[in-house]
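> Encoded as structure tokens, here's the structure I'll be asking about.
The values are calculated or read from the model by the stated rules, or taken from the named source; none is laboratory data. Predicted, not measured: the structure shown is a model, and the values here were computed from it. Please note: Cβ atoms are built from the backbone with ideal geometry, for glycine as well, and neighbour counts cover all protein chains shown.
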């Protein structure tokens, strides 16, 4: 939990350096929503075996979905 918070703060600082301050919260909210949606779909399916289909369903790139799945696994939110 603490490490996740530290990572989130570090990400926020990095994003703040290259974005308008008003845009950062919108991006973070959007990313949180995507993570929740992907987590729910992976848990409902029982696995993340088809990230390409998930990417098509959500209108994201394959790399984007793979990145979020890897992040969720690292954080222990999915297996």
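> Can you tell me which of (1) over 14 Å from residue 69 (Cβ atoms); (2) exposed (fewer than 12 other Cβ atoms within 10 Å of the Cβ); (3) modelled with pLDDT of 85 or more is the one residue 21 doesn't meet?
(3)
> So, in the stretch 29-59, of the ones that are outside any helix (DSSP H, G or I) and modelled with pLDDT under 90, which residue ends up surrounded by the fewest Cβ atoms within 10 Å (Cβ to Cβ)?
Just the residues of the stretch 29-59 that are outside any helix (DSSP H, G or I), to begin with: 46-50, 59.
Restricting the remaining residues to those that are modelled with pLDDT under 90 gives 46-50.
On the way: 46: 7, 47: 9, 48: 21, 49: 9, 50: 14.
Looking at residues that are outside any helix (DSSP H, G or I) and modelled with pLDDT under 90, I get 46.
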